[in-house]
1. Return the pairs, sorted by first residue and then second, in which the second residue is open to solvent by 10 Å² or more (accessible area, probe 1.4 Å) and of a type in the set (Val, Ile, Thr), the first residue lies in the range 99-117 and is in a helix (DSSP H, G or I), the beta carbons are less than 6 Å apart, and the residues are 6+ apart or on different chains.
2. Select from the range 251-264 the residues that are open to solvent by less than 70 Å² (accessible area, probe 1.4 Å) and modelled with pLDDT of 90 or more and write down the one among them that is farthest from TRP198 (Cα to Cα).
3. Out of ASP230, ASP238, ASP212, report the one residue that is charged (D, E, K, R) and crowded, with 19+ Cβ neighbours inside 10 Å.
4. Looking only at the range 304-343, count every residue that is under 20 Å from HIS291 (Cα atoms), open to solvent by 50 Å² or more (accessible area, probe 1.4 Å) and touching a residue at least 12 places away in the same chain (Cβ under 8 Å) and tell me the total.
5. Between TRP375, TRP336, TRP351, TRP340, which is in a helix (DSSP H, G or I), within 35 Å of the chain's Cα centre (by Cα) and over 18 Å from ASP212 (Cα atoms)?
6. Does any residue in the range 133-153 that is open to solvent by 50 Å² or more (accessible area, probe 1.4 Å) come within less than 8 Å, Cβ to Cβ, of a residue that is hydroxyl-bearing (Ser, Thr, Tyr) and part of a strand (DSSP E or B) six or more places away or on a different chain, and which pairs are these?
7. With PHE283, PHE312 as the choices, which residue is assigned to a helix (DSSP H, G or I), within 28 Å of ARG186 (Cα to Cα) and not acidic (Asp, Glu)?
Amino acid sequence: MKHLKIIFRTIFVLYAAVMTGAEAKAHKVFKAEYLDSVQVSLLTCQPHDEVYSLYGHTALRWHDLHEDGGDIAFNWGVFNFNAPHFVARFVFGLTDYELGGFPYSLFKREYQYFGSMVTEQVLNLTAGEKQAIYDALNENLRPGNRIYRYNYFYNNCTTKARDIIEQCVSGKISYDTREDYAPSFRDMVHEMTQNNPWAAFGNDLLLGIKADMPTDRQEQEFLPNNLMYDFDHAQIYDNGQYRPLVKERRTAVPAGIQIRQEGFPLTPLQCGLILSTIGLILFLIEWKKRHIFVLWDALLMVITGTIGIVLFLMLFSQHPTVSINIQIILLNPLPWFFLWQAIKGKNTRYWYITTVLCILFFIGGLFQSYAEGIWNLALCLLLQCILHIRHNEK
């Protein structure tokens, strides 16, 4: 992490210097023969161990092959870790990212350090299209334009790169349709977080029912690998003729050895199984002794209510895929209002309410995927509901 902060500090210094020069050349017009020796490429970076990189990254490269020509990576993923309330703003969909331009050599060095492969697709553009991209990049670098409201699925570093390319080609980009490929946002997130179960758990906890809907090609391109695939199979239709969008594909940074940091030793599912095993054992003891363990009640209520506060706050998020989350039926702040009564053994009404909520929660699982381990928590709550109803009917 220390190395990462040094990299970002360096990037911001170089970024400011490059932008100053870039803005000074904003109105430069190149001759067509000059632009023949300029390459514009899409850079697709594979994930590494940092959480923010789990889904990969996309950038554009402007490579002037002339002597003393510039070689700049344009990146819509610049953000400040130290910005006030960064995490809270990210969760609520209020994060502002910005476009940065910095030397390609530094961009390349960062991914070499992390051992992440970078694929370069050199675009098959005319001189006029390269000029249009140059002008668009400079326009986007202006102080009033370079900052944008980030949205992970709909407006991120990958969709920004795609959009500027689509806007600057003189014809229309025609994409091949992938047959039998209509994953949900959740499916695609799972694919990228398969080696990081706690990141998958956090996503599944926050994502709502909209994340389980099938996606189309344009929506799928929020992931760098999907955009790379689509570009490989795309053509530009211009003046009655087709030409491939990608002229050449090459490996800019080969895959290296990635050192993965050791995280929490148990997965969310393992934690859930442990919780439900404890809950089942305690249920059998409580049933036999006809006695309620108040501390176990309180622990379940604290876990449920704490997660519930998070999901309740997500109702105010600007992210469109978190607004309708069926998990909030059971995971809501309600337990905190009854916690003191539960500790004093006077919480029968709460358990009747929770019984109904558990049933609705299980039905809701037919329509939305839940985070791993949450089913186990729901089972523990339902077992306690049964005990309390039985105890109340004595």
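The values are calculated or read from the model by the stated rules, or taken from the named source; none is laboratory data. Every value quoted in this text rests on a predicted model; they were computed, and no experiment measured them. As a convention, Cβ positions derive from the backbone with ideal geometry for all residues, glycine included, and neighbour counts pool all protein chains shown. To get the accessible areas, we keep the full protein, side chains included, count just its heavy atoms, and leave off ligands, DNA and RNA. Shrake-Rupley method; radii C 1.70, N 1.55, O 1.52, S 1.80 Å.
1. Pairs that qualify, where the first residue is in a helix (DSSP H, G or I) and the partner is open to solvent by 10 Å² or more (accessible area, probe 1.4 Å) and of a type in the set (Val, Ile, Thr), are GLU110/ILE7.
2. ALA252
3. ASP230
4. The total comes to 1.
5. None of the other options fit; the residue is TRP336.
6. Listed pairs, sorted by first residue: ILE147/TYR97.
7. Just a single option satisfies the conditions, and that option is PHE312.
Here is a yes/no grid of residues against (1) β-branched (Val, Ile, Thr); (2) at pLDDT below 90:
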position	(1), (2)
SER53	no, yes
THR58	yes, no
ALA73	no, no
THR95	yes, yes
PHE102	no, yes
GLN121	no, no
THR126	yes, no
GLU129	no, no
ALA136	no, no
